[in-house]
Amino acid sequence: MSANLIAKASVNIHAPLNKVWQALTDPEMIRQYFYDTEVITDWKVGSPIVWKGEWEGKEYLEKGTILKSEPQRLLQYTYLSSFSGLEDVPENYANITYELEEDDGTITLTVRQENIADENAREQSEKNWAMLLSNLKQLLEGVEV
């Protein structure tokens, strides 16, 4: 990749911290807000993570490695999309980081995606993350956003 742009999205969720963490790490919950994607990993640092599913009639297999896991605080992994068309080499992987902060019963969940190639891809990533976080908020709060 030629650039190291960063996409960022945040959402405030009115749910217990442990429930938000569960939604980030429980494959059945992930499937409910992450476009019916199947996630396979044990969430241990150094372990592989795989996402499988179908998007607009095309099957995909995305992959990465768990970099950090601090329950109820931080989760970070590498990520390479099968839709990117990029070669499977370390410099083409993005780093995805979820950070959780609690303030008086409200959880702020921030997602950062690093190592984005260009401004168009950054904008699209931010839109995708905003939609995903909206889905997650709706799942956990049980209300339309």
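Of all residues in the stretch 73-90, which are in contact (Cβ under 8 Å) with a residue 40 or more places away in the chain and either surrounded by fewer than 17 Cβ atoms within 10 Å (Cβ to Cβ) or touching a Gly at 6+ places or on another chain (Cβ under 7 Å) (or both)?
Result: Leu86, single match.
Looking at Val50, Val39, which is the one that is in a strand (DSSP E or B), closer than 20 Å to Asn92 by Cα and touching a strand residue (DSSP E or B) at 6+ places or on another chain (Cβ under 6 Å)?
Values: Val39 fails: closer than 20 Å to Asn92 by Cα.
Sole residue among the options that is in a strand (DSSP E or B), closer than 20 Å to Asn92 by Cα and touching a strand residue (DSSP E or B) at 6+ places or on another chain (Cβ under 6 Å): Val50.
Only one of Trp43, Trp55 is surrounded by 12 or more Cβ atoms within 10 Å (Cβ to Cβ), at positive phi, free of Cβ contacts under 8 Å to residues at least 40 places away in the same chain and more than 12 Å from the chain's Cα centre (by Cα); which? Steps first, answer last, please.
On the way: Trp55 fails: at positive phi.
Selected residue: Trp43, the only one of Trp43, Trp55 that is surrounded by 12 or more Cβ atoms within 10 Å (Cβ to Cβ), at positive phi, free of Cβ contacts under 8 Å to residues at least 40 places away in the same chain and more than 12 Å from the chain's Cα centre (by Cα).
Select, from Glu102, Glu59, Glu114, the only residue that is in contact with a strand residue (DSSP E or B) (Cβ under 7 Å, 6 or more places away or on another chain) and among the acidic types (Asp, Glu). Write out each step before concluding.
Details: Glu102 fails: in contact with a strand residue (DSSP E or B) (Cβ under 7 Å, 6 or more places away or on another chain); Glu59 fails: in contact with a strand residue (DSSP E or B) (Cβ under 7 Å, 6 or more places away or on another chain).
Result: Glu114 is the single residue among Glu102, Glu59, Glu114 that is in contact with a strand residue (DSSP E or B) (Cβ under 7 Å, 6 or more places away or on another chain) and among the acidic types (Asp, Glu).
Quick one: in the stretch 100-145, of everything that is of a type in the set (Val, Ile, Thr) and surrounded by 17 or more Cβ atoms within 10 Å (Cβ to Cβ), which residue is farthest from the chain's Cα centre (by Cα)? Even if it seems obvious, please write down each step before you answer.
Restricting attention to the stretch 100-145, the residues satisfying the condition of being of a type in the set (Val, Ile, Thr) are 106-108, 110-111, 116, 143, 145.
Now narrow it down to the ones that are surrounded by 17 or more Cβ atoms within 10 Å (Cβ to Cβ): 107, 111, 116.
Details: Ile107: 16, Val111: 7, Ile116: 14 Å.
Out of the qualifying residues, it is Ile107.
Identify all residues within the stretch 67-91 that are more than 19 Å from Trp129 (Cα to Cα) and either in contact with a Ser or Thr (Cβ under 9 Å, 6 or more places away or on another chain) or in a strand (DSSP E or B) (or both); write none if there are none. Don't jump to the end; show me each part of the working.
Let us first name the residues in the stretch 67-91 that are more than 19 Å from Trp129 (Cα to Cα), namely 67-72, 85-91.
Those that are more than 19 Å from Trp129 (Cα to Cα) and either in contact with a Ser or Thr (Cβ under 9 Å, 6 or more places away or on another chain) or in a strand (DSSP E or B) (or both): Leu67, Lys68, Ser69, Glu70, Pro71, Pro90.
Give the stretch 92-111 a look and list any residue that's in a loop (DSSP other than H, G, I, E, B) and either touching a residue at least 12 places away in the same chain (Cβ under 8 Å) or in contact with a Leu (Cβ under 6 Å, 6 or more places away or on another chain) (or both), or say none. Let's see the steps before the verdict.
Here is the first cut: in the stretch 92-111, the residues in a loop (DSSP other than H, G, I, E, B) are 93, 104-105.
Scanning the stretch 92-111 gives Tyr93, Gly105.
Surrounded by 17 or more Cβ atoms within 10 Å (Cβ to Cβ) and farther than 23 Å from Lys137 by Cα, is that true of Tyr93? Walk me through how you get there before you give the answer.
Working: surrounded by 17 or more Cβ atoms within 10 Å (Cβ to Cβ): yes; farther than 23 Å from Lys137 by Cα: yes.
When the stated conditions are applied, Tyr93 passes them.
Criterion first (at pLDDT 95 or above and touching a strand residue (DSSP E or B) at 6+ places or on another chain (Cβ under 7 Å)) does Lys68 satisfy it? Steps first, please.
On the way: at pLDDT 95 or above: yes; touching a strand residue (DSSP E or B) at 6+ places or on another chain (Cβ under 7 Å): yes.
The answer is yes for Lys68.
The values are calculated or read from the model by the stated rules, or taken from the named source; none is laboratory data. Only a predicted model underlies this, so the values are computations on that prediction, with no experimental measurement involved. Don't worry about glycine lacking a Cβ; one is built from the backbone with ideal geometry, like all the others, and counts go over all protein chains shown.
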